[in-house]
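Worksheet for the structure shown next.
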Amino acid sequence: MAAAARSSFNYTTLSRRYCVLGEIPSFKLLETETSYSFLDIGPLSKGHALIIPKDHAAKLHELPDEYLTDVLPIAKKIAAAQGLENYNILQNNGRIAHQVVDHVHFHVIPKPDASDEEGLVIGWPAKSDVMEEVKKYHQELLGKL
(Lines give C-alpha, C1' and ligand atoms only; values in the text may rest on other atoms or scores of the structure.)
Protein backbone atom coordinates (compact mmCIF):
# COMPACT_ATOMS: atom_id res chain seq x y z
CA MET A 1 0.00 0.00 0.00
CA ALA A 2 1.43 3.36 -0.99
CA ALA A 3 2.00 6.01 1.62
CA ALA A 4 -0.43 8.89 1.63
CA ALA A 5 0.43 11.39 -1.06
CA ARG A 6 1.69 14.78 0.09
CA SER A 7 -0.91 16.40 -2.12
CA SER A 8 -3.70 13.97 -2.72
CA PHE A 9 -3.87 12.42 -6.14
CA ASN A 10 -7.03 12.73 -8.11
CA TYR A 11 -7.79 12.80 -11.79
CA THR A 12 -8.84 16.46 -11.65
CA THR A 13 -5.41 17.43 -10.33
CA LEU A 14 -3.73 15.16 -12.84
CA SER A 15 -5.80 16.53 -15.69
CA ARG A 16 -4.68 20.07 -14.93
CA ARG A 17 -1.08 18.98 -15.08
CA TYR A 18 -1.22 16.43 -17.89
CA CYS A 19 -4.61 16.85 -19.56
CA VAL A 20 -5.41 13.23 -18.77
CA LEU A 21 -9.10 14.02 -18.48
CA GLY A 22 -11.08 17.01 -19.61
CA GLU A 23 -10.46 19.08 -22.69
CA ILE A 24 -7.58 17.02 -24.10
CA PRO A 25 -8.19 13.26 -24.38
CA SER A 26 -6.13 10.64 -22.57
CA PHE A 27 -5.25 7.33 -24.15
CA LYS A 28 -4.73 5.29 -20.97
CA LEU A 29 -2.45 2.26 -21.16
CA LEU A 30 -1.88 0.89 -17.65
CA GLU A 31 -2.80 2.03 -14.16
CA THR A 32 -1.71 0.78 -10.76
CA GLU A 33 -2.23 2.03 -7.23
CA THR A 34 0.84 4.28 -7.59
CA SER A 35 1.18 5.02 -11.33
CA TYR A 36 -0.81 6.00 -14.40
CA SER A 37 0.43 5.57 -18.00
CA PHE A 38 -0.90 6.83 -21.30
CA LEU A 39 0.13 7.68 -24.85
CA ASP A 40 1.74 11.09 -25.31
CA ILE A 41 -0.46 13.36 -27.44
CA GLY A 42 2.64 15.22 -28.67
CA PRO A 43 4.72 12.13 -29.47
CA LEU A 44 8.30 12.06 -30.71
CA SER A 45 7.41 8.77 -32.44
CA LYS A 46 4.51 6.32 -32.70
CA GLY A 47 3.92 4.69 -29.31
CA HIS A 48 5.58 7.44 -27.22
CA ALA A 49 4.10 6.91 -23.75
CA LEU A 50 4.22 8.62 -20.36
CA ILE A 51 4.24 7.05 -16.91
CA ILE A 52 3.21 9.31 -14.03
CA PRO A 53 3.60 8.49 -10.34
CA LYS A 54 0.40 9.35 -8.45
CA ASP A 55 2.24 11.41 -5.84
CA HIS A 56 2.81 15.02 -6.77
CA ALA A 57 6.51 15.73 -6.73
CA ALA A 58 8.21 18.08 -9.16
CA LYS A 59 11.56 16.24 -9.20
CA LEU A 60 12.64 12.64 -8.80
CA HIS A 61 14.57 13.18 -5.56
CA GLU A 62 11.37 14.59 -3.99
CA LEU A 63 9.29 11.51 -4.82
CA PRO A 64 8.76 8.87 -2.10
CA ASP A 65 10.43 5.59 -3.10
CA GLU A 66 7.18 3.60 -3.03
CA TYR A 67 5.97 5.60 -6.04
CA LEU A 68 8.89 4.30 -8.08
CA THR A 69 8.35 0.57 -7.56
CA ASP A 70 6.23 -0.06 -10.63
CA VAL A 71 7.54 2.62 -13.03
CA LEU A 72 10.15 0.43 -14.76
CA PRO A 73 7.93 -2.66 -14.83
CA ILE A 74 5.26 -0.53 -16.55
CA ALA A 75 7.85 0.87 -18.98
CA LYS A 76 8.99 -2.68 -19.73
CA LYS A 77 5.41 -3.81 -20.41
CA ILE A 78 4.78 -0.85 -22.73
CA ALA A 79 7.99 -1.52 -24.66
CA ALA A 80 7.26 -5.28 -24.89
CA ALA A 81 3.65 -4.73 -25.99
CA GLN A 82 4.93 -2.60 -28.87
CA GLY A 83 7.63 -5.09 -29.77
CA LEU A 84 10.22 -2.35 -29.43
CA GLU A 85 13.81 -3.21 -30.14
CA ASN A 86 15.18 0.32 -29.79
CA TYR A 87 13.78 2.89 -27.38
CA ASN A 88 14.66 5.41 -24.68
CA ILE A 89 13.40 5.69 -21.12
CA LEU A 90 13.66 9.38 -20.22
CA GLN A 91 13.05 11.37 -17.05
CA ASN A 92 14.03 15.07 -16.75
CA ASN A 93 14.46 17.20 -13.61
CA GLY A 94 14.48 20.99 -13.84
CA ARG A 95 14.05 23.50 -16.66
CA ILE A 96 17.65 23.45 -17.86
CA ALA A 97 17.37 19.65 -18.00
CA HIS A 98 14.33 20.05 -20.32
CA GLN A 99 11.58 19.40 -17.75
CA VAL A 100 8.49 21.29 -18.93
CA VAL A 101 5.82 19.88 -16.57
CA ASP A 102 6.40 20.20 -12.82
CA HIS A 103 5.37 16.65 -11.99
CA VAL A 104 7.71 13.65 -12.11
CA HIS A 105 7.04 11.61 -15.24
CA PHE A 106 8.85 9.06 -17.35
CA HIS A 107 8.83 8.74 -21.13
CA VAL A 108 9.00 5.53 -23.15
CA ILE A 109 10.13 6.78 -26.56
CA PRO A 110 10.33 4.30 -29.43
CA LYS A 111 13.28 4.81 -31.81
CA PRO A 112 12.05 3.21 -35.06
CA ASP A 113 15.18 3.91 -37.10
CA ALA A 114 18.62 5.52 -36.92
CA SER A 115 17.48 8.81 -38.45
CA ASP A 116 16.77 12.01 -36.55
CA GLU A 117 13.22 12.06 -38.00
CA GLU A 118 11.55 10.10 -35.19
CA GLY A 119 12.23 9.30 -31.56
CA LEU A 120 14.56 11.01 -29.15
CA VAL A 121 17.46 12.91 -30.70
CA ILE A 122 20.27 13.80 -28.30
CA GLY A 123 23.91 14.69 -28.24
CA TRP A 124 26.30 13.16 -25.72
CA PRO A 125 29.08 15.64 -24.97
CA ALA A 126 31.25 13.16 -23.04
CA LYS A 127 34.36 14.62 -21.41
CA SER A 128 37.77 13.06 -21.83
CA ASP A 129 40.88 13.04 -19.64
CA VAL A 130 38.88 13.42 -16.42
CA MET A 131 39.89 10.25 -14.52
CA GLU A 132 41.41 12.14 -11.56
CA GLU A 133 38.38 14.42 -11.34
CA VAL A 134 36.04 11.40 -11.40
CA LYS A 135 38.14 9.61 -8.76
CA LYS A 136 38.03 12.63 -6.44
CA TYR A 137 34.28 13.12 -6.90
CA HIS A 138 33.69 9.40 -6.31
CA GLN A 139 35.19 9.71 -2.82
CA GLU A 140 33.19 12.86 -2.10
CA LEU A 141 29.94 11.25 -3.25
CA LEU A 142 30.50 8.03 -1.31
CA GLY A 143 30.65 10.13 1.87
CA LYS A 144 27.14 11.41 1.15
CA LEU A 145 25.46 8.13 0.23
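Using 0.36 nm per residue and subtracting the Cα-Cα separation, the extra length available between residue 62 and residue 131 on full extension is 21.8 nm.
If a paramagnetic tag sat 7 Å from the Cα of residue 117 along the Cα-Cβ line, which residues of the stretch 32-74 would have the backbone N under 20 Å from that point? Under 20 Å, as judged by backbone N against the label point of residue 117, lie 42-48 of the stretch 32-74. May I ask you to give the percent of accessible area on the stretch 68-145 that is carbon plus sulfur, with a probe radius of 1.4 Å? Of all accessible area on the stretch 68-145, carbon and sulfur atoms account for 58 percent.
Taking Cα pairs under 8 Å and at least six residues apart, what relative contact order does the stretch 24-63 come out at, in percent?
Working: 48 pairs, mean separation 11.8, N = 40.
Reported as a whole number, the value is 30 percent.
The values are calculated or read from the model by the stated rules, or taken from the named source; none is laboratory data. Predicted model only: the values in this text are computed from it and were never measured. Virtual Cβ from ideal backbone geometry, glycine too; neighbours counted across all protein chains shown. Heavy atoms of the whole protein, side chains included, go into the accessibility calculation; ligands, DNA and RNA do not. Shrake-Rupley method; radii C 1.70, N 1.55, O 1.52, S 1.80 Å.
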